[in-house]
Amino acid sequence: MEPSNALKRIKPSPTIAVSAKARALKAEGRDVIGLGAGEPDFDTPQNIKDAAIKAINEGKTKYTDPDGIPELKAAVCAKFKRENGLDYIPAQIHVSTGGKPVLYNALAASINEGDEVIIPAPYWVSYPDMVLLCNGTPVCVSTKEENGYRLTASELEAAITPKTKWVIINSPSNPTGAAYSKDDLRALADVLLNHPQVMIMTDDMYEHLMYDGFEFFTIAQVEPKLYDRTLTCNGVSKAYAMTGWRIGYAGGPQWLIKAMGNMASQTTSNPCSISQWAAVEALNGPQDFLEERKAVFKARRDLVVSMLNQATGLNCPTPEGAFYVYPSCAALMGKKTQSGKVLENDEDFVTALLEQEGVAVVHGSAFGLGPAFRISYATDTESLTKACERIQRFCASLT
Ligand SMILES: Cc1ncc(COP(=O)(O)O)c(C=O)c1O
């Protein structure tokens, strides 16, 4: 007996694997600082928890429509209008059990065998494997460090073929934190206007985590002519510290939203009714804490970037958003660790760092572009400082 061919095409999420390895070392009594997890260390705000408790007490504990309660769809429409200037009606909204299933439902509902999906690299680890699960072909396009890891118009143009079904744009990005400006999106939109068969999936999960006054834009807002073929995806996981509640959402063309709803009706059914009521409160309730949390994340980003750039052989660009940095360790390839291991790639680098100094980070090749590694700075300042000191010591120890 063996898994299906579709399952054999994919691998377990490497970011989850790093967290598991760090946990296992901790269980053995090692002093490990885990910087692998992609979730805010803040708690879910109290008003959101209260809304969930109220939903339980009011008996809102039954099946709902598979793609979301009307109240949440209305809150999502209001959010898209308020924050992104986008007009959607409830029939254009899909709600699912997290941002990840929203993306998967969209791909599963639209991809035919051999359809290509353009994915700028470095990419969030799940995109290529989700495409493979749907019998599609991921077309990973390497971006350049000197372009801030953003896909350029000419790189996009060169990747499009008659088989291209989707291009995925993730801004701010996991893993690099890079964000697209209005002008960057304008340039991509100009290319896409010439290719009417290509749909655009934007993953705006980190919208509320942008620093230094960098303004967030999403492509359907920048070029309204692309609205009919754009799926604007978002969720409450990162902005509202609700990763465990499992609510994501998207706005898009009605034919696709209907197909995604069909998909959900035969697979997950509705996302948790209680979480949906909590998400209504997240989107409709007070938003001022977002600014406060953003200021904390910005201070951590500045600390980490500065300390990593003081480490021998690392080069860490300053990202515009999210809670990740993506330093290059190219200058350290070929160096030897204290135990005599020659570092041939970024996986060797992160393995040796974990073994020698007890700092868990994720290798860049897992995100499709190395030699580099990803640090999640969604953790307290003391741990970050200690981890960066250890990284500095590790880099200095290489010969
Ligand atoms: C870019 C990106 N998109 C989507 C998701 C998925 O979010 P959720 O936890 O809501 O499924 C993540 C989570 O790490 C992410 O980084």
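The values are calculated or read from the model by the stated rules, or taken from the named source; none is laboratory data. Owing to the predicted nature of the structure, the values given are computational and were not obtained by experimental measurement. Here the Cβ positions follow ideal geometry from the backbone for every residue, glycine too, while neighbour counts run over all protein chains shown.
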Query raised in the report: What number goes with the only condition from (1) part of a loop (DSSP other than H, G, I, E, B); (2) within 26 Å of VAL125 (Cα to Cα); (3) of a type outside the set (Ser, Thr, Tyr) that LEU308 does not pass?
Result: (1)
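Among the residues of segment 125-151, which ones are of a type in the set (Phe, Trp, Tyr) and assigned to a helix (DSSP H, G or I)? If you could, list the steps in order and put the result at the bottom.
Applying the first criterion (of a type in the set (Phe, Trp, Tyr)) to segment 125-151 yields 127, 149.
Within segment 125-151, TYR127 is the sole residue that qualifies.
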Query raised in the report: Out of segment 281-301, which residues are within 16 Å of the ligand (Cβ to nearest atom) and touching a helix residue (DSSP H, G or I) at 6+ places or on another chain (Cβ under 8 Å)?
Result: ALA282, LEU283
Query raised in the report: Looking only at segment 269-295, which residues are in a helix (DSSP H, G or I) and without any contact (Cβ under 8 Å) to a residue 24 or more places away in the chain?
Result: ASP288, GLU291, GLU292, ALA295
Report task. Return yes when ASP115 is of a type in the set (Asp, Glu), modelled with pLDDT of 95 or more and within 24 Å of SER13 (Cβ to Cβ) and no when it is not. Result -> yes
Query raised in the report: touching a Ser or Thr at 6+ places or on another chain (Cβ under 6 Å), of a type outside the set (Asp, Glu) and at positive phi - does that describe any residue in segment 198-209?
Result: no
Report task. Working carefully through the options PRO128, PRO138, find the one that is within 16 Å of the ligand (Cβ to nearest atom) and either in contact with a helix residue (DSSP H, G or I) (Cβ under 8 Å, 6 or more places away or on another chain) or not assigned by TED's automatic domain parsing to the domain that holds GLY252 (or both). Result -> PRO138
Query raised in the report: What residue, among those in segment 228-243 that are within 11 Å of the ligand (Cβ to nearest atom) and in contact (Cβ under 8 Å) with a residue 60 or more places away in the chain, is surrounded by the fewest Cβ atoms within 10 Å (Cβ to Cβ)?
Result: THR243
Report task. Output the residues belonging to segment 208-230 that are out of contact with any helix residue (DSSP H, G or I) (no Cβ under 8 Å at 6 or more places or on another chain) and under 19 Å from THR164 (Cα atoms). Result -> ASP228, ARG229
Query raised in the report: Any residue in segment 210-227 that is within 13 Å of the ligand (Cβ to nearest atom) and either within 24 Å of ALA378 (Cβ to Cβ) or part of a helix (DSSP H, G or I) (or both)?
Result: no
Report summary line: With the first residue restricted to segment 70-98 and required to be touching a residue at least 24 places away in the same chain (Cβ under 8 Å) and more than 16 Å from the ligand (Cβ to nearest atom), and the second required to be in a loop (DSSP other than H, G, I, E, B) and among the β-branched types (Val, Ile, Thr), Cβ contacts under 7 Å at 6 or more apart or on different chains are CYS77/ILE89; ASN84/THR218
Requested in this report: Please work out if LEU103 is under 17 Å from ASP204 (Cβ atoms), within 16 Å of the ligand (Cβ to nearest atom) and either of a type in the set (D, E, K, R) or in contact with a Pro (Cβ under 6 Å, 6 or more places away or on another chain) (or both).
Outcome: no
Query raised in the report: Would you pick out the residues in segment 333-366 that are part of a strand (DSSP E or B) and either among the β-branched types (Val, Ile, Thr) or in contact with a Lys or Arg (Cβ under 9 Å, 6 or more places away or on another chain) (or both)?
Result: VAL342, VAL359, ALA360, VAL362, HIS363
